[in-house]
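A.B. asks: Shown below is the structure under consideration.
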Amino acid sequence: MKKIITLFVGLIPIGIIRKLFLNLIGHKISYKSKLGFNILYISDIKLEERTSIGSFNLIASKSLYLEKQSFIKRFNYFKGPFKVHLSYKSGISNNNKFRRANYPISVGEASLHLGKNSFIVSNHFIDLTKSVSFGDNSILAGINTQLWTHGYYHANEGPDRIRIDGEIKISNNVYVGSGCIFNPGVKVNDAIHIGAGSVISKDLTEKGMYVSQGLRFIKNDINTIKEKLHRVKDNGLVEHVYSK
């Protein structure tokens, strides 16, 4: 019921009245924050002072927490059972998409976390089948980068396939250029710069600059993949899921 009331309150045209009613139904909205005209379908919202959410966003998620001086601009799409936490002076610009399927497709908890002074700029896609986190002073720059926290591996013949889930963790002082693709389960350590158009399929550990490499062949099959991963045990899932 709280989410449904929040949905209607988010459409009230006068900002101060929106904040008043959101607080009355149990959210924590600073009157020194800015909250535009949005579609909000969220159980818990906390906006500290000098935070800002622009207009024309769709935010349908578990929870939303913005620390002081953090922001979400316009035309962003958040949909799915995940938590959103933006730390001090972090922000999300325009036209980004954050998506997660409901159970029994997705399993467990997931969240999007931005550390202090970290930013996601415009026109990116982030899959939140599992969590995605950024440390402090990092930036997802440019446009059209995709972060995938799930993928599939098919048997050589027949219908058998498995899904592989894995969190993406991007640490402190990381720069990601335009048009990169992150595979599930990768970790990027501190002080790393990733050039535009790169495919990140393994952990990046050494400080410095990384750029994309040529296509190469990797000998593999579904049974080898299964042996390297851990089966997610949940009888309610609609498919076989493995985690890194």
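The values are calculated or read from the model by the stated rules, or taken from the named source; none is laboratory data. Model, not experiment: these values are computed from the prediction. Note: ideal-geometry Cβ built from the backbone for every residue, glycine included; neighbour counts use all protein chains shown. Side chains included, ligands, DNA and RNA excluded: accessible areas come from the protein's heavy atoms. Shrake-Rupley method; radii C 1.70, N 1.55, O 1.52, S 1.80 Å.
A.B. asks: In the chain, what percent of the accessible surface is made up of carbon and sulfur (1.4 Å probe, ligands and nucleic acids excluded)?
C.D. replies: Numbers: 6900 of 12660 Å².
Answer for the chain is 54 percent, counting heavy atoms of protein chains only.
A.B. asks: Now for a separate question. Using alpha carbons only, how many angstrom separate the centre of the stretch 102-178 from the centre of the stretch 1-61?
C.D. replies: 26 Å
A.B. asks: I'd like to check one number: the per residue accessible area of the chain, probe 1.4 Å, reported in Å² as a whole number. Let's see the in-between values first.
C.D. replies: Working: 12660 Å² over 244 residues.
On a per-residue basis, the chain sits at 52 Å².
A.B. asks: Let me ask you something else. Under 5 Å between amide hydrogens, which residues at least 5 positions from His193 or on another chain qualify, with H placed 1.01 Å from N in the peptide plane?
C.D. replies: Those qualifying (amide H under 5 Å, at least 5 residues apart or on another chain) are Tyr175, Gly208, Met209, Tyr210.
A.B. asks: Quick one: which of 3-15, 144-156, 164-176, 42-54 comes out on top by average Cβ neighbours within 10 Å, and what's the full order, highest first? Please report the intermediate quantities before stating the final value.
C.D. replies: Details: 3-15: 14.0, 144-156: 17.0, 164-176: 20.8, 42-54: 19.1.
Ranked from most to least packed, the peptides come out as 164-176, 42-54, 144-156, 3-15.
A.B. asks: Please work out the ratio of the alpha-carbon Rg of the stretch 26-164 to 2.2 N^0.38 Å and round it to two decimals.
C.D. replies: Details: Rg = 16.0 Å, N = 139, 2.2 N^0.38 = 14.3 Å.
Taking N as the residue count of the stretch 26-164, the ratio is 1.11.
A.B. asks: Let me ask something else about it. For every helix of n ≥ 4 consecutive DSSP H residues, a contribution of -39,500 (n - 2.57) applies; sum these over the chain, divide by its total residues, and give [θ] at 222 nm rounded to the nearest 500 deg cm²/dmol. Don't skip to the end; give the middle numbers.
C.D. replies: Working: 3 runs with 25 residues, N = 244.
The helix-only estimate for the chain comes to -3000 deg cm²/dmol at 222 nm.
A.B. asks: Distance check, please: which entries in Lys19/Lys83; Lys97/Lys244; Lys3/Lys187 exceed 27 angstrom between their Cα atoms?
C.D. replies: Lys3/Lys187
A.B. asks: While we're on this one: Going toward the positive end of the dipole of the chain, with +1 on Lys and Arg Cβ and -1 on Asp and Glu Cβ, which of Phe21, Gly208, Ser52 do you reach last?
C.D. replies: Positive-end residue among those listed: Phe21.
A.B. asks: What percent of all Cα-Cα pairs in the stretch 1-69 falls into each 10 Å bin, going from 0 up to the bin containing the maximum distance?
C.D. replies: Bin by bin from 0 Å, the calculated values are 24, 65, 11.
A.B. asks: Taking the Cα centre of the stretch 43-97 as origin, sum charge times position over the Cβ atoms of Lys and Arg (+1) and Asp and Glu (-1), and report the length of that vector in debye to the nearest 20. Write down the numbers at each step before the final one.
C.D. replies: Working: 10 positive and 4 negative charges, 37 e Å.
Once rounded to the nearest 20, the dipole reads 180 debye.
A.B. asks: Which value, in debye to the nearest 20, gives the size of the charge dipole of the chain about its Cα centre, when Lys and Arg are +1 and Asp and Glu are -1 at the Cβ? Let's see the in-between values first.
C.D. replies: Numbers: 34 positive and 18 negative charges, 146 e Å.
Here the size comes out at about 700 debye.
A.B. asks: I'd like to know which of Gly197, Ser33, Tyr152 lies farthest towards the positive end of the charge dipole of the chain, counting +1 on Cβ of Lys and Arg and -1 on Cβ of Asp and Glu.
C.D. replies: Towards the positive end, the residue furthest out is Ser33.
A.B. asks: Give me, ordered by chain and number, the residues 5 or more places off Val241 or on other chains with an amide H under 5 Å from its own placed amide H.
C.D. replies: Residues meeting the criterion, in which the H sits 1.01 Å from N, are Arg163, Val232.
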